[in-house]
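My structure is below; once you've seen it, I'll send some questions.
The values are calculated or read from the model by the stated rules, or taken from the named source; none is laboratory data. Computed from a prediction, not measured in an experiment: that's the story for all the values here. When we count neighbours, we look across all protein chains shown, and the Cβ atoms used for this are built from the backbone with ideal geometry, even at glycine. Only protein heavy atoms, including side chains, enter the accessible area calculation; ligands, DNA and RNA are left aside. Shrake-Rupley method; radii C 1.70, N 1.55, O 1.52, S 1.80 Å.
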Amino acid sequence: MEAASFIPVSEPLIGDNTAALVNECVESGWVSSEGRFIPEFERKFSQFCGAAHGVAVSNGTTALQVAMKTLSLEPGSEVIMPSYTIISCAIAILEADCVPVLVDCDPETWCMDLDQVEAAITPRTRAIMPVHMFGHPVDMRRVMKLAAKHDLRVIEDAAEAHGAEVEGRRVGSFGDMACYSFYANKIVTTGEGGMVVTSSDHYAGRLRSLRNLCFRPERRFYHTEIGHNYRLTNVQAAIGVAQVDRVEDHIRRKRKMAKAYHERLSDLSQITLPVEREWAKNVYWMYCLILADEVPFDAVEFAKRLRAKGIDTRPLFLGMHEQPVLRERGLFAGSSYPVTERLARRGLYVPSGLGLTEAQIDRVSVAVHEVLS
Ligand SMILES: *Cc1c(COP(=O)(O)O)cnc(C)c1O
């Protein structure tokens, strides 16, 4: 197969008006972390999420880090998070001197299992970090009820779910704070970038301070708290402004892609496909396939066979309880999360970029059928 016909897993879609906005930064000299695009991007994106404030940061991981720090939890506080997610969630909790407590995920939505969240609450629990997985939202109605009952804070990780909805209401508007990533493969991209959105004036103020070294407004080089440089640049925000103007189109493209894959792959009993609960709007960040137990090979071999047919794929997350760097710290000893372990070994995602064509979806689908026949 010649290189030209290789289908990559993801490519960003950069709109025509982007270059003009970036050029404005270059020509005006506003290339660093001040300039008109940063507040404009914060305003437009937080409005899109249904939150009062947006605080732009350098990436999705620093968004989670600064959000956790903003809660000012007592050291040793427990924060409930899914076993099945990216390590950024655990890092943010650990760096705030808190203890990550894991729960397994739902085998169909791949989001944290809320029955297990309720069972994991102890007198030391202070917060919950729901992660909207691969575009499917966590049922935030239930999370917020649990949080209210037990007086817990909620930080949503919405890095994979820009615009996903729970009963017609967008994610990012439920929790105390919500964190987004604008990495190149996300639904809105700034190359690298992130944002914390919140409707709390208090949290917004702390987020802004912690993002920028905790300079004090009344006396600049005088510090009473350890901060960070997690600033986003005006150049990145310019790309973000162009992207957020097109986010509805991006979501339409993702949903169209998912429908096209579903039509072509739902006849296969050897794989399970993404679902959409009746109360949810899934934005299908990436289209995942999970191999049934009867298939005599695992996701590594599945990926190898698809690659031989010119189809790029990516493996799914390895659970937090299986991460050597976390186990070395004595975390999660002896624990097992069977759904997470199964996804890590049996799942992958196929090409899902915003510019993916119908012909490419056909080719991927034919290749999947061939590999599984
Ligand atoms: C991408 C992602 C992040 C991290 O974002 P970066 O911008 O890459 O740091 C955090 N959480 C989830 C669920 C993600 O998918």
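Pairs needed: first member in segment 200-213, at pLDDT 95 or above; second member anywhere, among the basic types (Lys, Arg) and in a helix (DSSP H, G or I); C-beta distance under 6 Å; at least 6 residues apart or different chains.
If the second residue must be among the basic types (Lys, Arg) and in a helix (DSSP H, G or I), the pairs left are LEU210/LYS69.
In the list GLY310, GLY334, which residue meets the criterion of being open to solvent by 10 Å² or more (accessible area, probe 1.4 Å) and on the phi > 0 side of the Ramachandran plot?
Within the list GLY310, GLY334, the selection yields GLY334.
In segment 177-198, how many residues are charged (D, E, K, R) and either open to solvent by less than 40 Å² (accessible area, probe 1.4 Å) or free of Cβ contacts under 8 Å to residues at least 24 places away in the same chain (or both)?
1
Okay, next question. For segment 104-116, enumerate the residues that are without any contact (Cβ under 8 Å) to a residue 60 or more places away in the chain and away from the ligand (no atom under 14 Å from the Cβ).
LEU114, ASP115, GLN116
Another question, if that's okay. Looking only at segment 60-79, which residues are crowded, with 24+ Cβ neighbours inside 10 Å and either free of Cβ contacts under 8 Å to residues at least 40 places away in the same chain or not hydrophobic (A, V, I, L, M, F, W, C) (or both)? Let's see the steps before the verdict.
We begin by selecting, within segment 60-79, every residue crowded, with 24+ Cβ neighbours inside 10 Å; these are 60, 62-68, 70, 79.
Residues satisfying the conditions are GLY60, THR62, GLN65, THR70.
Being assigned by TED's automatic domain parsing to the domain that holds ALA237, more than 10 Å from the ligand (Cβ to nearest atom) and in contact with a strand residue (DSSP E or B) (Cβ under 7 Å, 6 or more places away or on another chain) is the requirement here; does GLY175 meet it? It would help to see each step written out before you state the result.
Working: assigned by TED's automatic domain parsing to the domain that holds ALA237: yes; more than 10 Å from the ligand (Cβ to nearest atom): yes; in contact with a strand residue (DSSP E or B) (Cβ under 7 Å, 6 or more places away or on another chain): yes.
Criteria met by GLY175.
Here's another thing I want to ask about it. I need a count of the residues in segment 214-253 that are aliphatic (A, V, I, L, M), within 21 Å of THR62 (Cβ to Cβ) and in contact (Cβ under 8 Å) with a residue 24 or more places away in the chain.
Number of matching residues: 7.
Just the residues that are part of a loop (DSSP other than H, G, I, E, B) and open to solvent by 30 Å² or more (accessible area, probe 1.4 Å), please, taken from segment 140-169.
Residues satisfying the conditions are ASP151, GLU167, GLY168.
Among PHE37, PHE41, which is the only one that is open to solvent by less than 20 Å² (accessible area, probe 1.4 Å), farther than 21 Å from SER200 by Cβ and away from the ligand (no atom under 12 Å from the Cβ)?
Answer to the selection: PHE37.
May I pose another question? Restricted to segment 199-212, and to residues that are out of contact with any Gly (no Cβ under 8 Å at 6 or more places or on another chain) and open to solvent by less than 10 Å² (accessible area, probe 1.4 Å), which residue is farthest from ASN59 (Cα to Cα)? If you could, list the steps in order and put the result at the bottom.
Taking segment 199-212 as the starting set, the residues that turn out to be out of contact with any Gly (no Cβ under 8 Å at 6 or more places or on another chain) are 199-208.
This time we only want the ones that are open to solvent by less than 10 Å² (accessible area, probe 1.4 Å), so: 204, 207.
On the way: ALA204: 17, LEU207: 14 Å.
Going through the qualifying residues, I end up with ALA204.
Could you list, in sequence order, all residues of segment 52-89 that are more than 16 Å from the ligand (Cβ to nearest atom) and of a type in the set (A, V, I, L, M, F, W, C)?
ALA52, LEU71, LEU73, listed by residue number.
If we scan segment 192-202, do we find a residue that is in contact with a His (Cβ under 9 Å, 6 or more places away or on another chain) and within 16 Å of the ligand (Cβ to nearest atom)?
Looking through segment 192-202, at least one residue is in contact with a His (Cβ under 9 Å, 6 or more places away or on another chain) and within 16 Å of the ligand (Cβ to nearest atom).
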